[in-house]
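Worksheet for the structure shown next.
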Amino acid sequence: MNESIPVTRTVDTGTAKLMPDVDRARAWLLTVDGAPQSYVDLDEPAYLEFEYARRLGHVLDLVAGTGRPLDVLHLGGGALTLPRYVAATRPGSRQEVVEADRGLLELVAEYLPLPEGSGIAVHAADARAWLAAAPDDHADVLIADVFGGSRVPAHLTTLAYAREAERVLRPGGVYLANLADASPFGFLRSQLATFAALFEELALIAEPAVLRGRRFGNAVLVASHRPLDTAALARRTAADAFPARVEHGSAVREFTGSARPVEDGDAVPSPEPPDGAFGIG
């Protein structure tokens with residue numbers, strides 16, 4: 001293939017485009033209907049371009065000793081950025097990826113293939129349905145990065161979904177979710193309330209401007225039954241090009257306020273982002 005030529009293909013959820021990065025020889029940006037979904041550098045899989053991906057990467061670096069293999073379940077695949085990251089930074093990890101868009105998976109497999117022996121198994125399935133069929137105590141880490149277009153699907157926001165996630169995680173496991181919202185944070189607060197009903201430890205990672213309600217943006221939710229090393233996490237996120245804050249403990253409870261856990265009958269997708277809200281990085 002000529003790696004300098006963009007690729008456009010109709011997939012199950014819209015029009016996918018793979019665009020080469022002129023500054024990095026084998027790096028690609030994936031968009032679906034114009035919304036950035038993934039960035040992958042095939043020569044340097046530990047490189048994370050998007051800020052939210054870097055924040056997820058920081059948590060992945062801290063959940064266990066350096067280089068220790070983990071069993072990781074990814075809900076949402078895109079171009080498999082984070083599975084590649086874990087395979088590179090924690091060799092020998094066993095990973096499963098659940099992505100509903102079969103056409104997108106075929107595109108990624110064709111143009112951005114996984115290396116031999118990556119330890120990554122990919123499943124074309126609905127995330128919640130696959131999770132419901134997964135065994136108990138199946139994963140050390142569960143990462144939810146599922147967007148239908150630019151919105152988190154409603155059925156992946158509820159207490160019933162969170163119970164399935166908690167069941168599939170091992171007792172010391174960690175749940176991570178990439179979310180997006182803006183002031184007055186009805187969606188984000190409801191997600192914190194939902195996971196606080198099941199997990200003792202919560203943290204929220206986001207840029208200060210987002211947390212202050214100045215703009216729409218990503219926020220990473222972290223949930224666990226064991227204490228999180230929030231001090232180390234805060235040092236890493238503060239050192240990024242776009243520094244983020246790590247809120248935990250009483251700050252998370254105060255931010256959540258009177259929000260209630262989401263039941264299936266009340267679930268709605270995350271808010272539609274304003275035009276231009278999801279720029280690269």
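Can you tell me which residue is nearest to Phe185 (Cα to Cα) among those in the stretch 226-254 that are in a helix (DSSP H, G or I) and among the β-branched types (Val, Ile, Thr)?
Within the stretch 226-254, the first condition is being in a helix (DSSP H, G or I), and the residues that meet it are 230-238, 250-254.
Narrowing the set further to residues that are among the β-branched types (Val, Ile, Thr) leaves 230, 237, 252.
Working: Thr230: 22, Thr237: 21, Val252: 13 Å.
Going through the qualifying residues, I end up with Val252.
Checking the conditions here, which among Phe195, Phe187 is at pLDDT 95 or above, over 21 Å from His58 (Cβ atoms) and not hydroxyl-bearing (Ser, Thr, Tyr)?
Values: Phe195 fails: over 21 Å from His58 (Cβ atoms).
Result: Phe187 is the single residue among Phe195, Phe187 that is at pLDDT 95 or above, over 21 Å from His58 (Cβ atoms) and not hydroxyl-bearing (Ser, Thr, Tyr).
With the requirement that a residue be at pLDDT below 95 and either open to solvent by less than 80 Å² (accessible area, probe 1.4 Å) or at negative phi (or both), what does the stretch 33-43 give you? If you could, list the steps in order and put the result at the bottom.
Quick first cut of the stretch 33-43, residues at pLDDT below 95 only: 33-37.
Residues satisfying the conditions are Gly34, Ala35, Pro36, Gln37.
List the residue pairs whose Cβ atoms are under 8 Å apart, where the first residue sits in the stretch 118-135 and is over 15 Å from Ala160 (Cβ atoms), the second is part of a loop (DSSP other than H, G, I, E, B) and of a type in the set (D, E, K, R), and the two are 6 or more positions apart or on different chains.
Between residues of the stretch 118-135 that are over 15 Å from Ala160 (Cβ atoms) and residues that are part of a loop (DSSP other than H, G, I, E, B) and of a type in the set (D, E, K, R), the close pairs are Ala124/Asp101.
Suppose the filter is open to solvent by 40 Å² or more (accessible area, probe 1.4 Å), under 21 Å from Gly65 (Cα atoms) and not in a strand (DSSP E or B); does Arg260 pass it? Step through it out loud before you land on a result.
Working: open to solvent by 40 Å² or more (accessible area, probe 1.4 Å): yes; under 21 Å from Gly65 (Cα atoms): no; not in a strand (DSSP E or B): yes.
So Arg260 does not fit the description; no.
Out of Leu131, Leu107, I need the residue that is at pLDDT 95 or above, open to solvent by less than 10 Å² (accessible area, probe 1.4 Å) and farther than 25 Å from Ala27 by Cβ. Which one?
On the way: Leu107 fails: farther than 25 Å from Ala27 by Cβ.
None of the others qualify; the one that does is Leu131.
Does Asp229 qualify as being touching a residue at least 24 places away in the same chain (Cβ under 8 Å), open to solvent by 80 Å² or more (accessible area, probe 1.4 Å), under 20 Å from the mean Cα position of the chain (by Cα) and farther than 19 Å from Ser183 by Cα? Give the derivation first.
Values: touching a residue at least 24 places away in the same chain (Cβ under 8 Å): yes; open to solvent by 80 Å² or more (accessible area, probe 1.4 Å): yes; under 20 Å from the mean Cα position of the chain (by Cα): yes; farther than 19 Å from Ser183 by Cα: yes.
Judged against the criteria, Asp229 is a match.
Tally the residues that are β-branched (Val, Ile, Thr), in a strand (DSSP E or B) and under 17 Å from Ala124 (Cβ atoms), restricting the search to the stretch 3-24. Before the answer, list the steps.
Kept after step one, since they are β-branched (Val, Ile, Thr), are these residues of the stretch 3-24: 5, 7-8, 10-11, 13, 15, 22.
Imposing the further condition that a residue be in a strand (DSSP E or B) reduces the set to 7-8, 10-11, 15.
Those left that are additionally under 17 Å from Ala124 (Cβ atoms): 10-11.
Residues that pass the stated criteria total 2.
Residues to consider are Arg189, Arg167; find the one that is among the basic types (Lys, Arg) and out of contact with any Ser or Thr (no Cβ under 7 Å at 6 or more places or on another chain). Show your work before the answer.
Values: Arg189 fails: out of contact with any Ser or Thr (no Cβ under 7 Å at 6 or more places or on another chain).
Every option except Arg167 fails the conditions.
Given the criteria loosely packed, with under 13 Cβ neighbours inside 10 Å and charged (D, E, K, R), does Glu254 qualify? Reasoning before the result, please.
Working: loosely packed, with under 13 Cβ neighbours inside 10 Å: yes; charged (D, E, K, R): yes.
Judged against the criteria, Glu254 is a match.
Failed condition for Glu200, given (1) closer than 29 Å to Gly148 by Cβ; (2) acidic (Asp, Glu); (3) surrounded by fewer than 14 Cβ atoms within 10 Å (Cβ to Cβ), with all others met?
Failing condition for Glu200: (1).
Quick check: anything in the stretch 146-157 hydrophobic (A, V, I, L, M, F, W, C), in contact (Cβ under 8 Å) with a residue 60 or more places away in the chain and in contact with a Phe, Trp or Tyr (Cβ under 6 Å, 6 or more places away or on another chain)?
Checking the stretch 146-157: not a single residue is hydrophobic (A, V, I, L, M, F, W, C), in contact (Cβ under 8 Å) with a residue 60 or more places away in the chain and in contact with a Phe, Trp or Tyr (Cβ under 6 Å, 6 or more places away or on another chain).
Restricting to the stretch 188-213, name every residue that is closer than 16 Å to Ser250 by Cα and over 18 Å from the mean Cα position of the chain (by Cα).
Answer for the stretch 188-213, where residues must be closer than 16 Å to Ser250 by Cα and over 18 Å from the mean Cα position of the chain (by Cα): Ala193, Ala196, Ala197, Phe199, Glu200, Glu201, Leu211.
Only one of these conditions is not met by Gly117: (1) part of a loop (DSSP other than H, G, I, E, B); (2) of a type in the set (Gly, Ala, Ser); (3) touching a strand residue (DSSP E or B) at 6+ places or on another chain (Cβ under 9 Å); (4) open to solvent by 60 Å² or more (accessible area, probe 1.4 Å). Which number is it?
Here Gly117 meets the rest and fails (3).
Which is buried (at least 20 other Cβ atoms within 10 Å of the Cβ) and at positive phi, of Phe195, Phe185, Phe147? Step through it out loud before you land on a result.
Details: Phe195 fails: at positive phi; Phe147 fails: at positive phi.
Within the list Phe195, Phe185, Phe147, the selection yields Phe185.
When you scan the stretch 56-103, how many residues do you find that are among the small types (Gly, Ala, Ser) and open to solvent by 20 Å² or more (accessible area, probe 1.4 Å)?
Keep residues of the stretch 56-103 that are among the small types (Gly, Ala, Ser), which gives 57, 64-65, 67, 76-79, 87-88, 92-93, 100, 103.
Then drop every residue that is not open to solvent by 20 Å² or more (accessible area, probe 1.4 Å), which leaves 65, 67, 87-88, 92, 100.
Count: 6.
Report, ordered by the first and then the second residue, all pairs with beta carbons closer than 7 Å, sequence separation of six or more or different chains, a first member in the stretch 11-37 that is within 17 Å of Glu110 (Cα to Cα) and aromatic (Phe, Trp, Tyr), and a second member that is open to solvent by 60 Å² or more (accessible area, probe 1.4 Å) and part of a strand (DSSP E or B).
Trp28/Met19
The values are calculated or read from the model by the stated rules, or taken from the named source; none is laboratory data. Since the model is a prediction, treat every value here as computed from it, not as a measurement. Note that each Cβ is placed from the backbone with ideal geometry, even for glycine, and that neighbours are counted across all protein chains shown. Accessible surface is based on the protein model in full, side chains and every heavy atom, while ligands, DNA and RNA are left aside. Shrake-Rupley method; radii C 1.70, N 1.55, O 1.52, S 1.80 Å.
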